[in-house]
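Peer 1: Handing you this structure, nothing more for now.
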Amino acid sequence: MTVHSGDAAASRTSAPLVKLRQIHKSFGSNHVLKGVDLTVEKGQHIVIFGPSGSGKSTLLRVMNLLEAPQSGSVWFDGKEYGPGMAGEKLAKGRPRALRKQVGMVFQQFNLFPHLTALENVALALRRVKSIHREEAELAAATYLDRVGLLAKLGSYPSLLSGGQQQRVAIARALVMEPQVMLFDEPTSALDPELVGEVLYTMRALAETGMTMVVVTHEMGFAREVGDLNIFMDEGTIVEQGDAGIFSDAQEPRTRAFIKAIL
Amino acid sequence: MISFLLVAQATFRWEFIWDNRVIFLDGVRLTIFIALVAFTLATVAGLGVALLRMSKNRIIQPVMAAYINIFRAVPLLVFIVFVYYGIAIQFELSITAIQAGIFALTLQYSAWLGEIFRSGIQAIPHGQREAALSVGMSRVQTFFRVILPQAIRIVIPPTGNMFIGMIKDSSLVYLIGVPELFRVSFRLANRTFRYFEVYLAVVLIYLFLTTAVYFGVKYLERRFALVDLLTSKSRSWSPLSRRRVEKLRALQLAVTVAKEKGKTEEDLAGHTADIESLEYEPLADKNQEEGSTPT
């Protein structure tokens with residue numbers, strides 16, 4: 001693994017928020033993650049890119065335990081999630097406790113089609129945080145306003161464009177006030193003309209200081225927002241660094257991939 | 001055909017049906033009762049069957065698969081006779097023919113409905129479950145708040161079919177002596193020899209019942225259709241949805257007012273086009289205007 005002089009990351013006062021330690025994950029005989037280590041610091045914006053099948057989405061999904069690692073662990077806020085390392089004794093947390101603190105935005109939006117935009121955003125406030133309906137809906141409407149969709153609060157997802165759906169999905173995750181937001185190829189399923197509005201929202205979110213981990217091939221976004229850009233291939237982190245990685249990558253595999261997608 | 005109608009007019013007495021309406025009404029009442037009770041029980045049991053059938057447990061899963069196979073394989077009429085004469089009478093169980101009939105109908109329909117519900121639940125994309133879990137919902141909450149409501153919409157039409165089937169199949173319990181519509185009609189016809197009038201009436205009554213269900217299902221499908229609450233005119237007649245729309249507009253207003261006061265954070269969208277297109281007049285005022293305008 002080659003490490004670039006990560007100026008932005010290094011100058012930050014180091015306050016780890018999430019630590020992935022020696023994550024291994026296999027689906028059957030397919031070894032997707034081969035002992036990945038990654039530390040996410042508070043306020044950091046991490047961009048993960050790499051060819052399909054490189055394990056980048058799986059790595060993201062391990063961070064909120066939608067995929068349980070076979071070995072290794074997710075450390076978050078003093079608690080350990082996952083099987084951990086041999087011979088270690090740490091306070092184990094339940095996946096639900098972790099997920100309440102970690103927001104996730106999916107490639108396919110995954111809005112609840114039977115609920116209005118407002119109900120989509122308010123659902124978890126009411127059911128997970130047990131907030132009273134009136135209060136939850138006001139909070140949900142406020143977050144819909146922040147993503148510019150106050151006018152659409154009574155619409156069902158099927159009546160919204162892809163970009164609007166993805167912004168509702170962002171509001172749905174944000175309303176829980178997570179410590180870190182995970183984005184799994186948030187613009188890959190969008191028509192080209194709708195990518196901009198979602199990236200704008202994500203950029204604005206980054207400016208508020210939200211900790212973000214983004215799997216994306218939007219290199220413009222990565223250059224601008226990414227403090228730490230990570231290139232993954234075949235289940236390992238091949239190279240990581242600041243925006244410099246896009247102009248002078250050290251590893252041939254990284255160079256080849258960047259050349260192919262730019 | 002014409003000669004048939006002439007004969008019919010000459011010899012058939014239609015008022016005969018009306019004169020015996022009490023008999024028919026009692027029969028219909030019991031038919032509806034049996035169909036409703038058996039179908040309600042079968043729906044609840046069917047949901048259980050569907051959930052257990054999807055279990056990953058190595059014992060429960062094949063047991064439920066066998067349950068479904070067995071109850072679907074035996075003819076309903078044979079099964080009803082078996083439950084009542086073969087079991088209830090033979091072993092002197094203290095249950096009535098009506099209870100035995102409802103029990104038999106419930107068991108068979110729970111197997112059919114279980115398969116319908118399972119297909120509905122499995123039709124929901126995996127991402128729905130992941131999205132619900134990712135915001136911290138439990139597995140039970142995810143099922144009842146996210147998966148089931150969507151599955152219900154999918155299974156409404158086939159479940160409506162099953163309810164129509166239940167109304168028709170409830171006539172089979174005539175064989176164990178339950179005085180539902182078909183049995184009382186059967187006896188009336190045999191007693192009076194007015195076969196044509198009686199059985200025509202029975203046919204029409206069943207047709208009426210099942211048609212009512214058909215329209216009920218159609219209404220449900222429309223009721224569950226997804227529309228934009230703020231712009232849709234299709235539901236403006238309903239006071240309930242009017243109230244909902246008023247609440248939504250009030251919410252929009254509250255958020256906008258709060259933002260103007262600078263209490264909420266800056267938006268993440270970078271434009272205000274959507275907000276400008278809002279209409280904030282509450283519905284109540286509009287109504288007053290309309291009411292006061294002379295026509």
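Peer 1: Leaving ligands, DNA and RNA out of it, rank B:Thr192, A:Thr208 by accessible area with a 1.4 Å probe, largest first.
Peer 2: Numbers: B:Thr192 45, A:Thr208 85 Å².
Ranked from most to least accessible, the order is A:Thr208, B:Thr192.
Peer 1: I'd like the orientation of helix A:162-174 relative to chain A: the angle between its Cα long axis and the longest Cα principal axis, in ° from 0 to 90, rounded to 10.
Peer 2: 80 degrees
Peer 1: Checking the a/c ratio against 1.5 first, then a/b against b/c, what shape does the Cα gyration tensor give for the range B:111-166?
Peer 2: prolate
Peer 1: Show B:Phe16, B:Phe224 ordered by accessible area, largest first, where the area counts protein heavy atoms only and the probe is 1.4 Å.
Peer 2: B:Phe224, B:Phe16
Peer 1: What total accessible surface area, summed over both chains, is buried at the interface between chains B and A, computed with a 1.4 Å probe and given in Å² to the nearest 100?
Peer 2: It comes to approximately 3900 Å² buried between B and A.
Peer 1: Moving on. Which is farthest toward the positive dipole end of the protein assembly as shown among B:Phe91, B:Ala258, B:Val63, measuring Cα position about the Cα centre, with Cβ charges +1 (Lys, Arg) and -1 (Asp, Glu)?
Peer 2: B:Phe91
Peer 1: In whole percent, and with a 1.4 Å probe on the protein chains, what portion of the accessible area of the range B:31-89 is carbon and sulfur?
Peer 2: The nonpolar share, carbon plus sulfur, comes to 76 percent.
Peer 1: Kindly report, to the nearest 10 Å², the accessible surface of A:Met219 as traced by a 1.4 Å probe over protein heavy atoms only.
Peer 2: Accessible area, nearest 10 Å²: 10 Å².
Peer 1: What is the percent carbon and sulfur in the accessible area of the range B:143-183, measuring with a 1.4 Å probe over the protein chains and ignoring ligands?
Peer 2: Carbon and sulfur: 65 percent of the exposed surface of the range B:143-183.
Peer 1: With every protein chain present, what accessible area does A:Met176 have (1.4 Å probe, heavy atoms only), rounded to the nearest 10 Å²?
Peer 2: About 10 Å², rounded to the nearest 10.
Peer 1: Then there is this: Indicate the residues belonging to the range A:162-181 that lose 20 Å² or more of solvent-accessible heavy-atom surface (probe 1.4 Å) upon moving from the chain alone to the assembly of all protein chains, ignoring ligands and nucleic acids.
Peer 2: Going by heavy-atom accessible area, the residues of the range A:162-181 that drop by at least 20 Å² are A:Arg167, A:Arg172.
Peer 1: Could I ask something else about it? Let me know the charge dipole size of chain A about its Cα centre in debye, to the nearest 20, where only the beta-carbon of Lys, Arg (+1) and Asp, Glu (-1) is charged.
Peer 2: 940 debye
Peer 1: What number comes out for accessible area per residue over the protein assembly as shown if the probe is 1.4 Å? Units Å², please. Working shown, then result.
Peer 2: Values: 27470 Å² over 557 residues.
Each residue of the protein assembly as shown exposes 49 Å² on average to a 1.4 Å probe.
Peer 1: Testing the spin-label approximation: label points 7 Å from Cα along Cα→Cβ at B:Arg191 and A:Ser29. State their distance in nm.
Peer 2: 7.6 nm
Peer 1: Moving to a separate point now. Take the Cα pairs of the protein assembly as shown, get the Kirkwood Rh, then feed it into Stokes-Einstein at 37 °C and 0.692 mPa s and tell me D in µm²/s.
Peer 2: Details: Rh = 28.2 Å.
D = 116 µm²/s.
Peer 1: Which entries in A:Lys42/A:Lys100; A:Lys19/A:Lys100; A:Lys92/B:Lys56 show an alpha-carbon gap greater than 23 Å?
Peer 2: A:Lys92/B:Lys56
Peer 1: Keeping all protein chains in position, work out how much accessible area A:His31 exposes to a 1.4 Å probe, and write it in Å² to the nearest 10.
Peer 2: Solvent-accessible area, nearest 10 Å²: 80 Å².
Peer 1: Continuing with the same structure: Percent relative contact order of the range A:175-247, based on C-alpha pairs within less than 8 angstrom and at least six residues apart?
Peer 2: RCO, the range A:175-247: 28 percent.
Peer 1: Turning to a different aspect of this structure: Can you sort A:His132, A:His24 by solvent-accessible area, 1.4 Å probe, largest first?
Peer 2: A:His132, A:His24
Peer 1: A further question on this structure: Determine the relative contact order of chain A: mean sequence separation of Cα pairs under 8 Å and six or more apart, normalised by residue count, in whole percent.
Peer 2: With pairs under 8 Å counted, the relative contact order is 28 percent.
Peer 1: List the extent of the Cα atoms of the range A:97-192 along each of their three principal axes, largest first, rounded to whole Å.
Peer 2: 38, 29, 22
Peer 1: OK, next. Sticking with the crude label model, points 7 Å out along Cα→Cβ, report the distance from A:Thr39 to A:Lys79 in nm, one decimal please.
Peer 2: It works out to 2.3 nm between the two label points.
Peer 1: Just flag the GluC sites (Glu not before Pro) in the range A:221-262 sitting in loop per DSSP whose Cβ has no more than 16 other Cβ atoms within 10 Å.
Peer 2: Listed in order of number, the matching sites are A:Glu234.
Peer 1: Quote the convex hull volume per residue of chain A, based on C-alpha atoms, as a whole number of Å³.
Peer 2: 135 Å³
Peer 1: Report D for the range A:175-262 in µm² per second (integer): Stokes-Einstein, Kirkwood Rh on Cα pairs, 25 °C, 0.890 mPa s.
Peer 2: Result for D is 174 µm²/s.
Peer 1: Suppose R0 equals 51 Å; then what is the FRET efficiency for B:Glu15 and A:Ser158 from their Cβ-Cβ distance, rounded to the nearest 0.05?
Peer 2: The calculated FRET efficiency here is 0.40.
Peer 1: Considering Cα pairs under 8 angstrom that are at least six residues apart, work out the relative contact order of the range B:1-128 and quote it in whole percent. List each step's numbers first, then the result.
Peer 2: Numbers: 87 pairs, mean separation 45.8, N = 128.
36 percent.
Peer 1: Suppose every K and R has +1 on its Cβ and every D and E has -1 on its Cβ; what is the size of the dipole of the range A:119-262 about the Cα centre, in Debye to the nearest 20?
Peer 2: Using only the charged Cβ atoms, the result is roughly 400 debye.
Peer 1: Find the centroid of the Cα atoms in the range A:184-234 and in the range A:98-170, then give the distance between the two in whole Å.
Peer 2: Cα centroid of the range A:184-234 versus Cα centroid of the range A:98-170: 20 Å apart.
The values are calculated or read from the model by the stated rules, or taken from the named source; none is laboratory data. Here the structure is a predicted model, which is why all the values come from computation and not from measurement. Backbone-built Cβ (ideal geometry, glycine too); neighbour counts: all protein chains shown. The accessibility values were calculated without ligands, DNA or RNA, using every heavy atom of the protein model including side chains. Shrake-Rupley method; radii C 1.70, N 1.55, O 1.52, S 1.80 Å.
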